[in-house]
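Take a look at the structure below.
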Amino acid sequence: MKLKTFWYFTKEASLGLIRNGIMSFTAVFTITLSLVILGCFYIVMNNFAYFADLAKEVLEIRVYLKEEADPITLQTEILKFSGVKDVKFVSKLDGAKWLEKNLGIKEIFVTEDNPLPDMINIKLAEDAKVKNLVRSINTLEGIEEVEYGKTFIEAMLVIVRIVWIVGISLLALIGLVVLYIIANTIKLTVIARRKEIEIMKLVGATDWFIRWPFLLEGIFLGLVSSVVTAVILSKFYVFIGQYIKQIAPFIPLVNAGELINQLVMIVIASGIIFGIIGSVFSIKKFLRV
Amino acid sequence: MTVTSVIVRLIGEESWRKCRNYKTKTTAFLFEIGVKIILIQFVGVSKVYNNGIKALQNIDLKINRGEFIFLVGQSGAGKTTFMKMIIRRELPSKGQIFIGRNCLNKMKEKEVPVFRRNIGFIFQDFKLLSNKTVFENVAFALEVIEATKTEIQKQVPQVLDLVGLKNKEKLFPSELSGGEQQRVSLARAIVNRPLILLADEPTGNLDPDTAWGLMDLLLEINKRGTTIIMATHNKAVVDQLQRRVIALEEGKIVRDEAKGVYEV
Ligand SMILES: Nc1ncnc2c1ncn2[C@@H]1O[C@H](COP(=O)(O)OP(=O)(O)O)[C@@H](O)[C@H]1O
Ligand SMILES: [Mg+2]
């Protein structure tokens, strides 16, 4: 693209935005609002997911073995299940030692007639389906009992899933809203200039030559909205983060810097993409001359 | 059979029938020495619009380079449709159209813009952009085909001079008379030196004197080699100038005379 042509496009795009000043402003405002809502959900979603991960890290499934069970075979069997990250064998002797150390009971079990069972500790992978996993483990030979932080993990997983579903639907919905706003705003400029477009087509301008100014307009609307959104969200998140740290320091939060970087990129990219798609839609009809 | 007619058959008609390119330079030369070259050819062309209206029916027609043609007929006879087909605004429902070395039926969508740069047009309602000055309106046609600034600065004043509007280039269309506005639109149509000029009732909104002023300009442009097709209801102009007249009636050619009049 020639420099002169590029300037022409930029000039035309800014003219369009200025001519529809109030509409452009309203569009930026509404798109920003939508993106902020989207961003908040993204932040909440991420924190829930993060929390759930941490919970999984901490929580483990404990499998108590029968006296006659073969721990080596069982470990390899369990490792084969999906959702198992790692297994660790804790022998009855280790168990007794642990008790001894932590409870201060001396030399009662570290003998031949130790009543403690052997145990296998399972660390869960992120995508673990705890219920299914427990069921599968129970079908193995030599299992005495399976123990896990049942209700807590399950509740956590359900919440994460709900948040995801709501988040994705919201994403789709807000995406459509933003597209609609951009397409409509651009459509106004397009209609204001349909005569110009018709003449351009008749004197032999290429479709892309006609399209570019409108594309730039859409991109500009998306870009400005998303930059404003990014600023608002990052300020907001840092602020909330500090607040939560003060009143409830035990709640783990995703590191602000990392999340905001991601968020800014996602928001800006979607702003631009929405801008492009929105404007392409709104001029399509008018190019058939 | 003369030598010239043989040449025409070879490079003109035949090559168009096959939709094949022929050398533009050669045709320009032949045109200079007075050989007739077919520029526009309709072969069995019909146009049925989506609403079922048959705007054109079975049109067979040849137009040579450099001709000045009046297209007459009542409203709804198909004159505008005929011109829209030349500029490939509409495609034929049946038949084939050849313009120069292009076969419009087979032309790819992305070749259309460049093709259209060979054709100028003016309309009854001028179609000027009211927020641009006279100069900008004319320059617009060059800008959108990405001409350089130097080209624009050179060609726009030249063509405004030709249509007699040199001292009005800074005015806006609303500040001009109807005749002047039509001359701006004519300047825009010819600024990139088109091979063909289509004029759809260009004198329709002009008083007789102004209309004659415009006709003089069109004749001058025609003299410089541009083929002109003009749809008109202006009986006086058609009768006086005695050019080729093609009369349409309900989408059919009912008359095609070399030195025709408006009505028989
Ligand atoms: N875009 C269109 N869609 C449907 N019908 C059309 C369209 N343009 C023209 N027509 C119809 O085709 C016929 C010829 O129209 P037109 O070519 O404009 O005639 P003229 O220019 O001689 O008045 C008319 O009956 C008109 O109503
Ligand atoms: Mg008409």
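Going through the range B:114-137 one residue at a time, which ones are in a loop (DSSP other than H, G, I, E, B), more than 9 Å from every other protein chain (Cβ to nearest Cβ) and within 13 Å of B:PRO202 (Cα to Cα)?
Within the range B:114-137, B:GLN124, B:ASP125, B:PHE126 qualify.
Somewhere in the range B:202-214, is a residue open to solvent by 60 Å² or more (accessible area, probe 1.4 Å), over 21 Å from A:LYS195 (Cα atoms) and within 14 Å of chain A (Cβ to nearest Cβ)?
For the range B:202-214, residues open to solvent by 60 Å² or more (accessible area, probe 1.4 Å), over 21 Å from A:LYS195 (Cα atoms) and within 14 Å of chain A (Cβ to nearest Cβ): absent.
Which number in (1) more than 22 Å from B:LEU176 (Cα to Cα); (2) in contact with a Phe, Trp or Tyr (Cβ under 8 Å, 6 or more places away or on another chain); (3) of a type outside the set (Phe, Trp, Tyr); (4) within 16 Å of ligand 2 (Cβ to nearest atom) marks the one condition that B:GLU201 misses?
Among (1) more than 22 Å from B:LEU176 (Cα to Cα); (2) in contact with a Phe, Trp or Tyr (Cβ under 8 Å, 6 or more places away or on another chain); (3) of a type outside the set (Phe, Trp, Tyr); (4) within 16 Å of ligand 2 (Cβ to nearest atom), the lone unmet condition for B:GLU201 is (1).
How many residues, within the range B:180-190, are away from chain A (no Cβ under 12 Å), open to solvent by 10 Å² or more (accessible area, probe 1.4 Å) and out of contact with any Lys or Arg (no Cβ under 8 Å at 6 or more places or on another chain)?
Residues meeting the conditions: 2.
All but one of (1) open to solvent by less than 60 Å² (accessible area, probe 1.4 Å); (2) away from ligand 1 (no atom under 16 Å from the Cβ); (3) within 14 Å of another protein chain (Cβ to nearest Cβ) hold for B:ARG193, so report the exception by its number.
In the conditions (1) open to solvent by less than 60 Å² (accessible area, probe 1.4 Å); (2) away from ligand 1 (no atom under 16 Å from the Cβ); (3) within 14 Å of another protein chain (Cβ to nearest Cβ), B:ARG193 misses (1) alone.
Consider only pairs whose beta carbons are under 8 Å apart and that are at least six residues apart or on different chains; among these, list those whose first residue lies in the range B:55-66 and is over 16 Å from B:ILE229 (Cα atoms) and whose second residue is away from ligand 1 (no atom under 16 Å from the Cβ) and outside any strand (DSSP E or B).
From the range B:55-66, no pairs qualify.
When you go through A:ALA52, A:ALA13, A:ALA96 one by one, which is the residue that is touching an Asp or Glu at 6+ places or on another chain (Cβ under 6 Å) and either crowded, with 17+ Cβ neighbours inside 10 Å or within 14 Å of chain B (Cβ to nearest Cβ) (or both)?
Unique residue meeting the criteria: A:ALA13.
Pick from B:ILE99, B:ILE87, B:ILE38: which is at pLDDT below 95, within 16 Å of ligand 2 (Cβ to nearest atom) and within 16 Å of the chain's Cα centre (by Cα)?
That would be B:ILE87, the only listed residue that is at pLDDT below 95, within 16 Å of ligand 2 (Cβ to nearest atom) and within 16 Å of the chain's Cα centre (by Cα).
Of everything in the range B:56-67 that's in contact with a Lys or Arg (Cβ under 8 Å, 6 or more places away or on another chain) and open to solvent by 10 Å² or more (accessible area, probe 1.4 Å), which residue is modelled with the lowest pLDDT?
Restricting to residues being in contact with a Lys or Arg (Cβ under 8 Å, 6 or more places away or on another chain) and open to solvent by 10 Å² or more (accessible area, probe 1.4 Å), the top hit is B:ARG65.
Does A:PHE89 satisfy the criteria of being farther than 30 Å from B:ILE145 by Cβ, assigned by TED's automatic domain parsing to the domain that holds A:ILE186 and not aliphatic (A, V, I, L, M)?
Criteria not met by A:PHE89.
From the set of residues in the range B:38-73 that are basic (Lys, Arg) and within 13 Å of ligand 1 (Cβ to nearest atom), which is nearest to the other protein chains (Cβ to nearest Cβ)?
Checked the range B:38-73; the qualifying residue nearest to the other protein chains (Cβ to nearest Cβ) is B:LYS47.
Could you check how many residues of the range B:122-152 are open to solvent by 10 Å² or more (accessible area, probe 1.4 Å) and within 16 Å of ligand 1 (Cβ to nearest atom)?
4
Within the range B:239-252, which residues are surrounded by 20 or more Cβ atoms within 10 Å (Cβ to Cβ) and touching a strand residue (DSSP E or B) at 6+ places or on another chain (Cβ under 6 Å)?
B:VAL245, B:ILE246, B:ALA247, B:GLY251
Residues in the range B:62-113 that are aromatic (Phe, Trp, Tyr) and assigned to a helix (DSSP H, G or I): how many?
Qualifying residue count for the region: 1.
Of all residues in the range A:202-240 being farther than 19 Å from A:LYS11 by Cα and within 8 Å of chain B (Cβ to nearest Cβ), which is surrounded by the most Cβ atoms within 10 Å (Cβ to Cβ)?
The extreme case among them is A:VAL203.
Yes or no, residue by residue, for (1) touching a Ser or Thr at 6+ places or on another chain (Cβ under 8 Å); (2) within 16 Å of ligand 2 (Cβ to nearest atom); (3) small (Gly, Ala, Ser):
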{"position": "B:GLU67", "(1), (2), (3)": "yes, no, no"}
{"position": "B:GLN74", "(1), (2), (3)": "no, yes, no"}
{"position": "B:PHE140", "(1), (2), (3)": "no, no, no"}
{"position": "B:ALA147", "(1), (2), (3)": "no, no, yes"}
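Residues of the range A:241-289 being among the hydroxyl-bearing types (Ser, Thr, Tyr) and open to solvent by less than 40 Å² (accessible area, probe 1.4 Å), which ones?
Answer for the range A:241-289, where residues must be among the hydroxyl-bearing types (Ser, Thr, Tyr) and open to solvent by less than 40 Å² (accessible area, probe 1.4 Å): A:SER270, A:SER279, A:SER282.
Which pairs turn up if I take residues in the range A:71-100 that are in contact (Cβ under 8 Å) with a residue 60 or more places away in the chain and look for partners that are assigned to a loop (DSSP other than H, G, I, E, B) with beta carbon separation below 6 Å, at least 6 apart in sequence or on another chain?
A:GLU77/A:LEU140
Limited to the range A:187-201, what total is found for residues that are open to solvent by less than 10 Å² (accessible area, probe 1.4 Å) and facing chain B (nearest Cβ under 7 Å)?
Result for the range A:187-201: 1.
Read through the list (1) open to solvent by less than 60 Å² (accessible area, probe 1.4 Å); (2) away from chain A (no Cβ under 14 Å); (3) within 24 Å of B:PHE70 (Cβ to Cβ); (4) within 20 Å of the chain's Cα centre (by Cα), then give the number of the only condition that B:LEU160 fails.
For B:LEU160, the exception is condition (3).
Take the residues of the range B:74-99 that are surrounded by fewer than 21 Cβ atoms within 10 Å (Cβ to Cβ) and among the small types (Gly, Ala, Ser): which is nearest to the other protein chains (Cβ to nearest Cβ)?
B:SER93
The values are calculated or read from the model by the stated rules, or taken from the named source; none is laboratory data. Just so it is clear, the structure is predicted and the values come from calculations on it, not from any experiment. Here Cβ is always computed from backbone atoms with ideal geometry, including for glycine, and neighbour counts include all displayed protein chains. Note: accessible area is taken over every heavy atom of the protein model, side chains too, but ligands, DNA and RNA are not part of it. Shrake-Rupley method; radii C 1.70, N 1.55, O 1.52, S 1.80 Å.
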